[in-house]
Amino acid sequence: MNWLILIIAGLFEVGFTFCLSKAKETSGSTSTLWIVGFFVSLSMSMYLLYRATQTLPMGTAYAVWTGIGAVGTVIMGIVFFKEPADFWRLFFIFTLIASIIGLKFVSSH
């Protein structure tokens, strides 16, 4: 169950980086709403990370959380913000995914 909580925490990390990027692109009340979304997503991500670390090793949980956030943020950048998707960028995204999966399999919890 804590692995699921950790994955959701990582997805909220992607959410707060997405909101931050959208806030940068907008202005006025729209920007304010994206900032509110940023803080809600940030709070949820941190809380869920805290919950997951109650039984998972901190080093593993943090590495998986940041890995999910990094991969998700790069994918969001490619899909929504037209960032480049060249071979090497995609190659290293896949190595991050493999590392996250590897940490799950070698974890004792």
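Laboratory data are not the source of any read-out in this text; all were calculated from the coordinates shown. What you are looking at is a predicted structure, and each value in this text was computed from that prediction instead of being measured. Note: ideal-geometry Cβ built from the backbone for every residue, glycine included; neighbour counts use all protein chains shown.
Summarising the overall dimensions of region 2-106 from its C-alpha atoms, the Rg and Dmax are 14.7, 47 angstrom. Spatially, region 82-104 and region 1-18 are offset by 17 Å when compared through their Cα centroids. Counting only residues at least eight positions apart within a chain, or on another chain, the lysines with an alpha carbon under 29 Å from that of LYS82 are LYS22, LYS24. Mean sequence separation of contacting Cα pairs (under 8 Å, at least six apart), scaled by the length of the chain, corresponds to a relative contact order of 32 percent.
The slack in the chain from SER99 to THR55, taken as 0.36 nm per residue of separation less the alpha-carbon distance, amounts to 13.8 nm.
Report the full-extension gain for the segment PHE81 to VAL106: residue separation times 0.36 nm, less the Cα-Cα distance, to one decimal in nm.
The PHE81-VAL106 span can extend by a further 5.5 nm.
Here the chain is assigned +1 on the Cβ of each Lys and Arg and -1 on the Cβ of each Asp and Glu. Its dipole about the Cα centre then comes out at about 80 debye.
Computed over the chain, the per-residue total of -39500 (n - 2.57) for DSSP H runs of n ≥ 4 gives a 222 nm mean residue ellipticity of -29500 deg cm²/dmol, rounded to 500.
Taking the fewest neighbouring Cβ atoms within 10 Å as the starting point, the ordered list for SER29, SER21, SER43 is SER29, SER43, SER21. Peptides 51-63, 73-85, 7-19 ordered by packing proxy, namely the average of other Cβ atoms within 10 Å per residue, highest first: 7-19, 51-63, 73-85. In this calculation the C-beta distance from TYR62 to SER27 is compared with R0 = 22 Å, giving a FRET efficiency of 0.05.
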